[in-house]
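The values are calculated or read from the model by the stated rules, or taken from the named source; none is laboratory data. These numbers were taken from a predicted model, which means no experiment stands behind them. Using ideal geometry, Cβ is built from the backbone for each residue, glycine included, and neighbour counts are taken over all protein chains shown. What goes into the accessible areas is simple: the full protein's heavy atoms, side chains included, and nothing from ligands, DNA or RNA. Shrake-Rupley method; radii C 1.70, N 1.55, O 1.52, S 1.80 Å.
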Amino acid sequence: VATDPASRGQGLASVCVERCLQKARAAGASVAVLWGSEHKLYGRLGFRLAGVQLLGPLGAIEVGNSEQLNNTGKAPKLHEGWVPALFDLIAGERTRGLILQERDRTWFSQHRHTHWYWLGKDSRHPLAYAAINRGIDLPGIMHEWGGEADALRVLLASLASRFPATQLLAHPDILKTRGMNFKVGASVQREYLCLACDLGKEPGGFAQIEKQLWFWGLDGA
């Protein structure tokens, strides 16, 4: 929320956010989230720090044992750059973050500062993917990653050898379900994910929502 200097101090920002919350409640939403440094302002409107994310060096990720990806004993090639099939893979496996629909394909693919890497036989059949950088918001951070488990481990191991200082952004549970974790002793930051407001649609349900709360890097674009 930004207010023209001549109109500040009149509570316009609060009114704007309150109206957004009213519309969200009317639409049946259970929680509202935002990102901002004005914790005092948003706190008065019912927002509080919520969720969790880990941020640590890609080179400190333990990827475990990754098996060969085909019968020839040769893993699929590492590719760079966006291809349309990546959207299908990402949207199809989303269980956390925004649900992607076909209409989201354009905005999702047009982040010109984001560098995409993927593993697969050809551009129609990517197996795993990772994205690094998002403009001035997430420089030097791997904020999108996923795909088939073994292929993902091979991909992350390859990228870790090339970009060991790149930071990987993750929810602890997502790392765990992928059979990965940060090495003991690694410099890992545990941070709040966002500011969230319980809209009261499900009594007592916010605690469960907060536990599972997650947004991938491009979700906040």
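Viscosity 1.002 mPa s, temperature 20 °C: Stokes-Einstein D of the chain from its Kirkwood Cα radius, in µm² per second? Before the final figure, lay out the partial values.
Numbers: Rh = 19.3 Å.
Here the translational diffusion coefficient equals 111 µm²/s.
Counted by Cβ distance under 10 Å from A91, the other residues give a net charge of -2, where Lys and Arg count +1 and Asp and Glu count -1. What aspartates and glutamates sit close enough to K77 to cross-link, taking a C-alpha to C-alpha distance under 20 Å and skipping anything fewer than 8 places away on the same chain? Hits, sequence-local ones excluded: E67, D88, D122, E144, E148, D150.
Computed from the Cβ-Cβ distance with R0 of 35 Å, the FRET efficiency linking H115 to V184 stands at 0.75.
Scaled against 2.2 N^0.38 Å for its residue count N, the alpha carbon radius of gyration of segment 130-201 is 1.27.
The phi torsions of segment 175-184, fed into the Karplus equation with coefficients 6.51, -1.76 and 1.60 and a -60° offset, translate into couplings of 4, 4, 5, 8, x, 10, 6, 7, 4, 4 Hz, rounded to whole numbers, with Gly and Pro shown as x. Accessible surface area normalised per residue over the chain is 56 Å², counting heavy atoms of protein chains with a 1.4 Å rolling probe. The phi-based Karplus calculation (6.51 cos²θ - 1.76 cosθ + 1.60; θ = phi - 60°) puts the 3J(HN,Hα) values of segment 28-44 at x, 5, 9, 8, 10, 10, 7, 10, x, 8, 7, 4, 5, 4, 6, x, 5 Hz, whole numbers, x for Gly and Pro.
Where the alpha-carbon atoms of segment 66-186 are placed on the principal axes, they occupy 37, 37, 26 Å, in descending order. Remark on L193: its backbone amide H falls under 5 Å from those of A50, G51, V52, Q53, a criterion applied only to residues 5 or more positions apart or on other chains, H modelled at 1.01 Å from N. For a straight C-alpha distance cut-off of 17 angstrom, the aspartates and glutamates reachable from K40 (same-chain residues fewer than eight places away being disregarded) are E18, D198. Quick check: at a probe of 1.4 Å, how many percent of the accessible area of the chain sits on carbon and sulfur atoms? Carbon plus sulfur share of accessible area: 51 percent. In a reduced charge model with +1 at each Lys and Arg Cβ and -1 at each Asp and Glu Cβ, the chain shows a dipole moment near 180 debye about its Cα centre.
Put simply, segment 75-131 fits an ellipsoid with semi-axes of 19, 13, 10 Å; these come from the alpha carbon gyration tensor as the roots of five times its eigenvalues, largest first.
Any chance you could run the full-extension gain for E38 through Q212? It's 0.36 nm times the residue separation minus the Cα-Cα distance, nm to one decimal. Provide the component values of the computation, followed by the final result.
Details: separation 174, 0.36 × 174 = 62.64 nm, distance 2.42 nm.
Stretched fully, the E38-Q212 segment lengthens by 60.2 nm.
Convex hull of alpha carbon positions in segment 105-152: directionally averaged projected area 3.7 nm².
As I understand it, the value is the acute angle between the Cα axis of helix 12-26 and the longest principal axis of the Cα atoms of the chain; what does it come to in degrees, rounded to 10? The angle comes out near 70 degrees.
Which FRET efficiency value, to the nearest 0.05, do you get for A26 and A85 by plugging their Cβ-Cβ distance into 1/(1 + (r/R0)^6) with R0 = 41 Å? Walk me through the numbers before you get to the answer.
Working: r = 38 Å, r/R0 = 0.93.
FRET efficiency, A26 to A85: 0.60.
Which value at 222 nm does the chain reach when only helices count, each DSSP H run of 4 or more adding -39,500 (n - 2.57), with the total divided by all residues and rounded to the nearest 500 deg cm²/dmol?
Values: 7 runs with 63 residues, N = 221.
When only DSSP H runs of four or more count, the value is -8000 deg cm²/dmol.
Candidates Q101, G179, Y117 compared by Cα position along the dipole of the chain: farthest toward the positive end lies Q101, with charges placed on Cβ.
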